[in-house]
Amino acid sequence: QFYVDEFKKIKYGIVIDGIHIQPWLYYHINVFVTSYPITVINMITKEEETINKIGTPPLRDNEYWVIQDNYPLAKKKGEMLFLAATRRAAKTTMLASHIDWCSTIGKLNILCAGGATKDLDQIESNFKITALNKNSAFRVHNITDTWDKKVELGLKRTSGKNIISSRLHIINLNKGGDKS
């Protein structure tokens, strides 16, 4: 019953103290897993150093502002939410989270378009980290893993007839741009 209730929160959101927490934000702070930097004290040198931790990322104002405030507003208006040319906003992390959330709630076709191979590679890396490390109750498996074209997610049957839950279409808008 716990996982059924969690899935409902992931799909519909939850109201806490009169505030509706958007479904994607609930997913991002409770299910999504990624690599993120943390500062620790080196026990030998006693100096601060940054290491990467794999886990559920801490909630920052950037994610709250984008996921809680602006994403639902753009969706309600039928507009596109566009984030670009900003550092420290965790764009690729949020995109991986969004793609993973969409596949978890069963969206059949998901489009990921990017203008830089480096960003698409980072989204792929983040997506694979969460796929391998999140709670297995919410895991959606890769049937095909062709990140330069299309990823099919779902269940692979021994009979050969797969159960597709989502198709992730990847478009590199700069394909060939480095060579031309």
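The values are calculated or read from the model by the stated rules, or taken from the named source; none is laboratory data. Note that the coordinates shown come from a computational prediction; the quantities given were computed from them, not determined experimentally. Note that we place each Cβ from the backbone using ideal geometry, even for glycine, and neighbour counts take in every protein chain shown.
Quick grid of which residues meet (1) touching a Leu at 6+ places or on another chain (Cβ under 8 Å); (2) among the aromatic types (Phe, Trp, Tyr); (3) under 26 Å from residue 81 (Cβ atoms):
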{"residue": "27", "(1), (2), (3)": "no, yes, yes"}
{"residue": "34", "(1), (2), (3)": "no, no, yes"}
{"residue": "39", "(1), (2), (3)": "no, no, no"}
{"residue": "43", "(1), (2), (3)": "no, no, no"}
{"residue": "46", "(1), (2), (3)": "no, no, no"}
{"residue": "52", "(1), (2), (3)": "no, no, no"}
{"residue": "57", "(1), (2), (3)": "no, no, yes"}
{"residue": "63", "(1), (2), (3)": "yes, no, yes"}
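Does region 92-111 contain any residue that is loosely packed, with under 14 Cβ neighbours inside 10 Å, at positive phi and not acidic (Asp, Glu)?
Checked against the condition, which is being loosely packed, with under 14 Cβ neighbours inside 10 Å, at positive phi and not acidic (Asp, Glu), region 92-111 yields at least one hit.
Would it be correct to say that residue 81 is more than 14 Å from the chain's Cα centre (by Cα), assigned to a loop (DSSP other than H, G, I, E, B), over 30 Å from residue 163 (Cβ atoms) and not small (Gly, Ala, Ser)?
yes
Considering region 143-180 alone, what residues qualify as being at pLDDT below 85, within 17 Å of residue 100 (Cβ to Cβ) and in contact with a helix residue (DSSP H, G or I) (Cβ under 8 Å, 6 or more places away or on another chain)?
Correct list: 147 only.
Output yes when any residue across region 59-68 is surrounded by fewer than 10 Cβ atoms within 10 Å (Cβ to Cβ) and either of a type outside the set (A, V, I, L, M, F, W, C) or touching a residue at least 24 places away in the same chain (Cβ under 8 Å) (or both), and no when none is.
yes
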